[in-house]
Amino acid sequence: MKKGQALIFLVFFVSIALGVFSYPFLPDRVVSHWNASDVPDDTMSKTALVMLFPVIFLVLIGVYFLILKIDPLRENIALFREYFDAFWSLVSLFLFYTYLLVVVWNLGYEFPIGLFMIPAISILFYAIGILLSKSKRNWFIGIRTPWTLSNDFVWEKTHVLGGNLFRAAAVISLLGVFFKDGKASFVILISLIVAIVITTAVYSYLVYRRMVGNKVI
């Protein structure tokens, strides 16, 4: 078993332990969602909460192995497998961190949960940037437009740009810690994601068109 796989399974079992040990101290109904202003707006039973995240981890593990099994271009994934595994491990840590925050908040230690999520989201953005810049053409991971999936060169050019944009977004998203209103942080995050999606999609098309036209890129 590779280190990345081992870490994912370790985090899975730790998440189960967290649920088991915290269960007796949680209220029967726990807060499960906060709006953009960090105001609780939904609840669930504590049983559902302690079961939800382990189930999410199982789905995560299943998707991880499924991608490696069914992707027609899985040979390309092997070329950046180290980064692929590292990213999947980070996602599992991100989910556990989110779970931990929810549990701690419901144990009575109330805090602005959105503020604590911003650094984690920034780290995740930066990791996405690294993964994109190292990725090779495949059907599941990366910026999948008709043009990137059609050509390795277009894939490489687009993912270099996408990687740089996500790393920049990671830094910009940290500005959210300076806003007292969580809505501002939410708007920043959504705006960054939308801008990156549109920019990389258009760029991949332009690169493809220039390549087809045999022009210098």
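Taking a sphere under 14 Å around the Cβ of Ile61 and counting the other residues whose Cβ falls inside, with K and R at +1 and D and E at -1, yields a net charge of +1. Couplings for segment 46-51, taken from phi via the Karplus curve 6.51 cos²θ - 1.76 cosθ + 1.60 with θ = phi - 60°, read 5, 5, 5, 5, 6, 8 Hz in order; Gly and Pro are left as x. Can you flag which of Lys46/Lys69; Lys3/Lys136; Lys136/Lys183; Lys3/Lys157; Lys157/Lys183 are past 32 Å Cα-Cα? Check vs 32 Å cut-off fails for Lys46/Lys69; Lys136/Lys183; Lys157/Lys183. Placing a label point 7 Å from the Cα of Val59 along the Cα-to-Cβ direction, the residues of segment 32-53 whose backbone N falls under 14 Å from that point are 49, 51-53. Computing FRET efficiency as 1/(1 + (r/R0)^6) for Ile172 and Asp42, where r is the C-beta to C-beta distance and R0 is 30 Å, gives about 0.55. Segment 100-154 and segment 1-64 have Cα centres separated by 18 Å. Annotation: extensible slack from Ala120 through Leu100 equals 5.9 nm (criterion: 0.36 nm per residue apart, minus Cα-Cα distance). Here each label is just a point 7 Å from Cα along the line to Cβ, and for His33 and Tyr109 those points are 2.6 nm apart. Normalising the average separation of contacting C-alpha pairs (under 8 angstrom, six or more residues apart) by the number of residues puts the relative contact order of the chain at 19 percent.
Near the amide H of Thr43, within less than 5 Å, lie the amide hydrogens of Ser32, all on another chain or at least 5 residues away, with H placed in the peptide plane. Give the calculated FRET efficiency between Arg209 and Leu79 to the nearest 0.05, with a Förster radius of 35 Å applied to their Cβ-Cβ distance. The formula returns an efficiency of 0.85 here. When every Cα-Cα distance of segment 112-217 is counted in 5 angstrom steps from zero, the calculated P(r) takes the values 2, 14, 21, 20, 15, 11, 8, 5, 3, 1, 0 percent.
Does segment 1-106 classify as rounded, prolate or oblate by the C-alpha gyration tensor (a ≥ b ≥ c root eigenvalues; a/c under 1.5 gives rounded; else a/b over b/c gives prolate, otherwise oblate)? Prolate.
The HN-Hα couplings worked out from phi for segment 133-150 by the Karplus form 6.51 cos²θ - 1.76 cosθ + 1.60 (θ = phi - 60°) are 5, 9, 6, 10, 4, 7, 9, 10, 10, x, 8, 9, 10, x, 7, 5, 6, 8 Hz, whole numbers, x standing for Gly and Pro.
Ranking Leu66, Leu132, Ala6 by how far each Cα lies toward the positive end of the dipole of the chain (charges on Cβ) leaves Leu132 at the top. Just to confirm the number: angle between the C-alpha axis of helix 182-212 and the first principal axis of the chain, 0 to 90 degrees, nearest 10? Helix 182-212 and the main axis of the chain meet at about 20 degrees.
Summing Lys and Arg as +1 and Asp and Glu as -1 over all other residues whose Cβ lies under 15 Å from the Cβ of Ile128 gives a net charge of +2.
Every read-out reported here was derived from the displayed coordinates using simple, explicitly stated rules and does not represent laboratory data. None of these values were measured; they are calculated from a predicted model. Using ideal geometry, Cβ is built from the backbone for each residue, glycine included, and neighbour counts are taken over all protein chains shown.
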